[in-house]
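Contents: one structure, followed by commentary.
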Amino acid sequence: MDVQSAIVNLFAQNLKLAPDQISVLSGIGTLKGWDSVNHFRIVTSIERHFKIQFTNQELVYLDSIQKIIDVVTTRIRNQSSAT
């Protein structure tokens, strides 16, 4: 499963929505149920799934699904090149 699909599925699970209800263009305030409490749950589930930990700066930046996909993709790429 690619990064985008995995993240959309994690959002769907945490927000109890169907994956087809979620767009990469969605953000906090534009996606039903994505509030500050669920933001924490979503971020935690993404960190567990990809075995990464977001920095405090990244957490502030992560206000859309596309931004999360971009950061996770970069992190995975950097982990791969470090090994």
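Quick notes
- Per residue, the average separation of C-alpha pairs within less than 8 Å and at least 6 apart gives region 1-49 a relative contact order of 35 percent.
- A Förster radius of 30 Å, combined with the Cβ-Cβ distance separating Asp20 from Ile76, puts the computed FRET efficiency at roughly 0.75.
- Reciprocal mean inverse distance between Cα atoms of the chain - Kirkwood radius, Å: 12.8 Å
- Between the listed residues His39, Gln57, Ser80, the Cα displaced farthest toward the positive end of the dipole of the chain, a dipole computed from Cβ unit charges relative to the Cα centre, is found at Ser80.
- Percentage relative contact order, the chain, counting C-alpha pairs under 8 Å, at least six apart: 33 percent
- Inter-part distance where region 56-79 and region 1-52 are each reduced to a Cα centre, Å: 12 Å
- 222 nm mean residue ellipticity, helices alone, for the chain (DSSP H n ≥ 4; -39,500 (n - 2.57); rounded to 500): -20000 deg cm²/dmol
- Only the Cβ atoms of Lys and Arg (+1) and of Asp and Glu (-1) were treated as charged; on that basis the dipole of the chain about its Cα centre amounts to roughly 180 debye.
- Within the straight-line cut-off of under 18 Å between alpha carbons, the aspartates and glutamates reachable from Lys16 are Asp35, sequence neighbours fewer than 8 places apart in one chain being disregarded.
Throughout, read-outs are computed from the coordinates displayed, never taken from laboratory work. All figures in this text were calculated on a predicted structure; none of them were measured in a lab. All Cβ positions, glycine included, derive from the backbone under ideal geometry; neighbour counts span all protein chains shown.
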